[in-house]
Amino acid sequence: MIIIGMMSGTSADGVDTAICDIRGQPEQLSADIINGATYPYSRDLRERILLSCDPQQSRVQDVAALHVELAEVFADCVLRQLELAGMAADSIDLIASHGQTIWHNVLPTGEVSASLQIGEAAVIAERTGITTISNFRARDIAVGGQGAPLTSYVDWLLLRHPSRWRAVQNIGGMGNVTFLPPLSDSVSAPIAFDTGPGNALLDMAVAQLTDGVRTYDQGGKLAEQGRLNEEWLDELLEHSYYQRGYPKTTGRETFGSAAAKELVRAALARGLTAVDIIATLTALTASNIADAYQRFAPASIDEVILGGGGRRNPVIVRMLRQLLHPAIVMTHEDIGMDSDFKEALVFAVLAHETWHGRPATLPALTGAKHASLLGQITPGDNFAELLRCSWPS
């Protein structure tokens with residue numbers, strides 16, 4: 001099937017869109033990216049998304065309006081992607097839309113009671129004419145899972161090494177890891193969970209300390225100018241989230257704008273300079289990942305595959321290579337996969353499995369009581385023909 005996958009992550013900086021060719025079924029499933037592009041949000045739209053993630057500033061009417069407005073943006077991304085690829089809408093079987101996470105409700109027990117991703121699928125299907133699968137997290141949560149990280153099932157299908165233990169580490173707004181046993185190991189189960197803040201605290205601190213002139217630390221240049229404050233870092237690593245057992249997930253609800261503002265305030269009160277703060281928060285990202293591996297990795301990790309925007313920060317990558325030694329730290333490109341569109345590919349694969357009536361999770365990955373079919377199907381103009389092709393009478 002030819003499926004367009006779309007992903008907008010916790011950083012809320014834009015929409016990754018990929019046209020994917022998905023074939024086969026688990027154990028023999030293959031997935032390739034035909035064409036991909038990223039469409040950045042305007043500064044105004046990004047600010048409104050982030051405000052809607054903040055319970056102190058969010059308003060229900062704004063979230064409702066964004067639910068539709070973002071769907072229009074997603075649909076436009078699909079149409080632009082088709083034009084870029086020189087393909088017609090009727091050549092696409094499905095759209096897989098993760099949506100934009102606004103709230104991921106983690107209870108004090110660590111259980112997830114709800115997770116809200118916005119971007120109305122009916123609008124996407126109407127504007128494009130293409131059947132759309134969306135709202136992937138809800139069903140896993142309904143059976144007691146965390147609803148994330150959903151990328152881990154595709155890691156399990158596509159990224160296991162014949163003989164080595166691998167960690168697939170995403171560093172987006174939040175960080176998440178999948179520990180993958182080798183194909184030669186028929187006994188061990190995979191493990192997945194959110195490691196903690198990836199770029200979110202760091203990006204918000206940069207924006208605050210530069211009065212909005214910068215929204216992230218490009219190339220780690222600010223961190224390289226600062227000095228790591230080890231005492232403060234040790235205190236940050238005492239956060240209860242890191243001690244909590246897996247499965248576990250987190251988001252801006254815990255590591256969001258309020259947390260970033262408080263951290264900057266406390267650091268300035270300690271006498272840290274702006275670049276010292278950035279250096280220490282950069283070290284927090286690398287350190288919470290390494291801490292998670294030390295606490296929870298079920299075996300010695302031989303290879304770490306980095307994805308997400310954090311892989312572009314050379315300071316984070318350098319620290320990870322030091323902290324995770326002797327593991328080899330690489331990127332998805334080193335194994336023939338485009339890091340920029342990996343998550344868009346993931347949701348294309350999940351939609352493929354949903355359409356064929358197959359579960360797309362493993363209970364070991366999310367803590368669910370059982371594997372389940374994910375997502376909700378919104379018919380497009382191609383729905384009847386898609387049914388006839390998929391299940392001919």
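The values are calculated or read from the model by the stated rules, or taken from the named source; none is laboratory data. Remember, it's a predicted structure, so these values are computed and weren't measured experimentally. Virtual Cβ from ideal backbone geometry, glycine too; neighbours counted across all protein chains shown. To get the accessible areas, we keep the full protein, side chains included, count just its heavy atoms, and leave off ligands, DNA and RNA. Shrake-Rupley method; radii C 1.70, N 1.55, O 1.52, S 1.80 Å.
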(request) Return the ratio Rg/(2.2 N^0.38 Å) for region 223-350, where Rg is computed over Cα atoms only. (result) 1.16
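With Cβ to Cβ distances under 14 Å as the rule, what net charge do the other residues near residue 287 carry (K, R +1; D, E -1)? Display every interim value, and only then the final one.
Numbers: positive: 295, 318, 321; negative: 230, 231, 234, 235, 238, 291.
Within the 14 Å Cβ shell, the charges total -3.
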(request) Quick one: check the C-alpha center-to-center distance for region 77-130 versus region 289-304, whole angstrom. (result) 32 Å
(request) Along each of the three principal axes of the Cα atoms of region 137-187, give the extent in whole Å, ordering the values from largest to smallest. (result) 34, 25, 14
(request) Please work out the C-alpha center-to-center distance from region 320-393 to region 1-66 and express it in whole Å. (result) 14 Å
(request) Working from Cα positions, state the angle (0 to 90°, nearest 10) between the long axis of helix 274-296 and the longest principal axis of the chain. (result) 60 degrees
(request) Beyond 18 Å, what share of the Cα-Cα pairs of region 112-239 is found? Please give it as a whole percent. (result) 71 percent
(message) Please list, short to long, the whole-number percent of alpha-carbon pairs of the chain in consecutive 10 angstrom bins beginning at zero.
(response) 5, 24, 34, 26, 10, 2, 0, 0
(message) Against the empirical 2.2 N^0.38 Å scaling, what ratio does the C-alpha Rg of region 34-83 come to?
(response) 1.33
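May I ask you to give the percent of accessible area on region 251-386 that is carbon plus sulfur, with a probe radius of 1.4 Å?
On the way: 2910 of 5380 Å².
Of the solvent-accessible surface of region 251-386, carbon and sulfur hold 54 percent.
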(request) Rounded to the nearest Å, what's the spacing between the alpha carbon centres of region 143-161 and region 171-202? Just the number, please. (result) 9 Å
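Over region 46-137, with the other protein chains present, what is the accessible area per residue in square angstrom, probe 1.4 angstrom? Before the final figure, lay out the partial values.
Working: 4050 Å² over 92 residues.
On a per-residue basis, 44 Å².
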(message) Nearest 5 percent is fine: what portion of the DSSP beta bridges confined to the chain is antiparallel?
(response) 70 percent
(request) Evaluate the charge dipole of region 168-241 about its Cα centre and quote only its size in Debye, nearest 20, assuming +1 on the Cβ of each Lys and Arg and -1 on the Cβ of each Asp and Glu. (result) 320 debye
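What is the diffusion coefficient of region 1-137 in µm²/s, taking the Kirkwood radius over Cα pairs and the Stokes-Einstein relation at 20 °C with a viscosity of 1.002 mPa s?
Values: Rh = 15.8 Å.
Rounded to a whole number, D works out at 136 µm²/s.
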(request) Kindly report, to the nearest 10 Å², the accessible surface of residue 72 as traced by a 1.4 Å probe over protein heavy atoms only. (result) 70 Å²
(request) Give me the aspartates and glutamates in straight-line cross-link reach of residue 342: C-alpha distance below 15 Å, same-chain residues under 8 apart excluded. (result) 16, 21, 32, 155, 333, 334
(request) Calculate, axis by axis, the spread of Cα positions in region 148-222 along the three principal axes, and write the results as whole Å, longest axis first. (result) 53, 23, 15
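Placing unit charges on C-beta atoms (Lys and Arg positive, Asp and Glu negative, everything else neutral), compute the dipole magnitude of region 8-112 about its Cα centre in debye, rounded to 20.
Details: 6 positive and 16 negative charges, 48 e Å.
Around 240 debye, computed over region 8-112.
With +1 assigned to the C-beta of every Lys and Arg and -1 to the C-beta of every Asp and Glu, and no other charges, what is the dipole magnitude of the chain about the Cα centre in debye, to the nearest 20? Write down the numbers at each step before the final one.
Working: 30 positive and 45 negative charges, 118 e Å.
Magnitude of the dipole: close to 560 debye.
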(request) Return the carbon/sulfur percentage of the accessible area of region 110-217, one whole number, probe 1.4 Å, all protein chains in place. (result) 48 percent
(message) Just to confirm the number: angle between the C-alpha axis of helix 200-209 and the first principal axis of the chain, 0 to 90 degrees, nearest 10?
(response) 60 degrees
(request) For residue 261, go through the lysines and keep the ones whose alpha-carbon is under 25 Å away, minus same-chain ones fewer than eight residues off. (result) 221, 248
(request) Please give the per residue accessible area of region 254-319, computed with a probe of 1.4 Å over protein heavy atoms only, in Å². (result) 36 Å²
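Explain nothing, just the number: relative contact order of the chain, from Cα pairs under 8 Å at least 6 residues apart, as a whole percent.
Values: 814 pairs, mean separation 87.2, N = 393.
Once normalised by length, the contact order is 22 percent.
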(request) Any chance you could list P(r) for region 215-275, counting all Cα-Cα pairs in 5 angstrom bins from zero, rounded to whole %? (result) 4, 13, 19, 25, 21, 12, 5, 0
(message) How charged is the neighbourhood of residue 206? Take every other residue with its Cβ under 12 Å from the Cβ of residue 206, and add Lys/Arg as +1 and Asp/Glu as -1.
(response) -1
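I need the trypsin sites (Lys or Arg not before Pro) found in region 1-63, filtered to DSSP loop residues with at most 15 other beta carbons within 10 Å of theirs.
59
Take the alpha carbon gyration tensor of region 60-171, find the square roots of its eigenvalues, order them as a ≥ b ≥ c, and report rounded if a/c is under 1.5; if not, report prolate when a/b exceeds b/c, else oblate. Write out the running numbers ahead of the final one.
Values: a/c = 2.50, a/b = 1.21, b/c = 2.07.
Oblate.
When the Cα atoms of region 1-67 are enclosed in a convex hull and the volume is divided per residue, what value in Å³ results?
Working: hull volume 8.1 nm³, N = 67.
Given the Cα convex hull of region 1-67, per-residue volume reads 120 Å³.
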(message) If I stretch the segment between residue 253 and residue 227 completely, what's the gain in nm (0.36 nm per residue apart, minus their alpha carbon distance), one decimal?
(response) 6.5 nm
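Near residue 173, within a Cβ-to-Cβ distance under 11 Å, what is the net charge of the other residues, with Lys and Arg +1 and Asp and Glu -1?
Details: positive: 252; negative: 13, 194, 203.
Net of charged neighbours comes to -2.
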